[in-house]
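The values are calculated or read from the model by the stated rules, or taken from the named source; none is laboratory data. Note that the coordinates shown come from a computational prediction; the quantities given were computed from them, not determined experimentally. Cβ placement follows ideal geometry from the backbone for every residue including glycine, while neighbour counts extend to all protein chains displayed. When the accessible area is computed, the model is the full protein with side chains, heavy atoms only, and any ligands, DNA or RNA have been set aside. Shrake-Rupley method; radii C 1.70, N 1.55, O 1.52, S 1.80 Å.
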Amino acid sequence: TQLLEQSPQFLSIQEGENLTVYCNSSSVFSSLQWYRQEPGEGPVLLVTVVTGGEVKKLKRLTFQFGDARKDSSLHITAAQPGDTGLYLCAATTGGYQKVTFGTGTKLQVIP
Amino acid sequence: DVKVTQSSRYLVKRTGEKVFLECVQDMDHENMFWYRQDPGLGLRLIYFSYDVKMKEKGDIPEGYSVSREKKERFSLILESASTNQTSMYLCASSLVQVGGYTFGSGTRLTVV
């Protein structure tokens, strides 16, 4: 089973600040996804990245897939309280859609 | 709006009971999955299915079984519930060869 390490585990910031969350592995992945999960709910897919070096933007969120397809980052600009939640990265290997999840980064944005 | 629906948000069961967790998706997805989520351990795959009547063990299948009689429905069965199966259970579905899952809202199961 591949290991996906996320850092930091916890992050508490003030509204308006910027932040970056990292997802790293020693394995090469065919694709990588980012999810956000709110308490008591299931994770919601934010983005899928497939190509090494790929950058995707979703409003104030910027996602990057490493050139070697072993790591990814999520950058949030001007964080808002609505960004609060657990951010999970997940990576896919092979052709069977079996996914490994990281343990998550818990983000709290204080108004 | 497409969705994955889990039949119960909260369940309390007694040790030794047989427990059924139901999951239905309306997206015509081939793939369906059952995960459990525990603090500090993240999401762990219990079972998955790529087609009707097909099932594959995930990373932690012990104490669980599954059933997929119809494409849209994937059931998780706890044959004899134990306290260490107290957890948040998440069902998900996906299209073949397309990245990303759609998750249900989860079932928080407590075994007493």
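Miscellaneous remarks
- Set side by side, the residues B:Lys3, B:Lys71 differ, and just one is basic (Lys, Arg) and away from chain A (no Cβ under 13 Å), which is B:Lys71.
- Residues in region A:59-81 that are at pLDDT 95 or above and farther than 19 Å from B:Gly100 by Cβ: A:Arg60, A:His75, A:Ile76, A:Thr77, A:Ala78, A:Ala79, A:Gln80, A:Pro81.
- Qualifying residue in region A:44-63 (condition: in a strand (DSSP E or B), touching a His at 6+ places or on another chain (Cβ under 6 Å) and open to solvent by 10 Å² or more (accessible area, probe 1.4 Å)): yes
- Residues in region B:45-60 that are assigned to a loop (DSSP other than H, G, I, E, B) and under 21 Å from B:Gly106 (Cα atoms): B:Tyr50, B:Lys55, B:Gly58, B:Asp59, B:Ile60.
- Which numbered condition B:Leu90 misses (of (1) open to solvent by 70 Å² or more (accessible area, probe 1.4 Å); (2) within 24 Å of A:Thr103 (Cα to Cα); (3) under 11 Å from the mean Cα position of the chain (by Cα)): (1)
- Taken together, B:Tyr35, B:Tyr64 contain a single residue that is away from every other protein chain (no Cβ under 14 Å), crowded, with 19+ Cβ neighbours inside 10 Å and farther than 15 Å from B:Leu11 by Cα, which is B:Tyr64.
- Test: residue in region B:11-25 that is modelled with pLDDT of 95 or more, within 11 Å of the chain's Cα centre (by Cα) and farther than 26 Å from A:Gly102 by Cα: yes
- Within region B:42-56, the set of residues being open to solvent by 50 Å² or more (accessible area, probe 1.4 Å) and either under 30 Å from A:Phe10 (Cβ atoms) or in contact with a helix residue (DSSP H, G or I) (Cβ under 7 Å, 6 or more places away or on another chain) (or both) comprises B:Arg44 only.
- From the options A:Leu74, A:Leu32, residue that is of a type in the set (A, V, I, L, M), part of a strand (DSSP E or B) and more than 10 Å from every other protein chain (Cβ to nearest Cβ): A:Leu74
- Output for region A:90-110, where each listed residue is of a type in the set (Lys, Arg) and either modelled with pLDDT of 95 or more or open to solvent by less than 60 Å² (accessible area, probe 1.4 Å) (or both): A:Lys106
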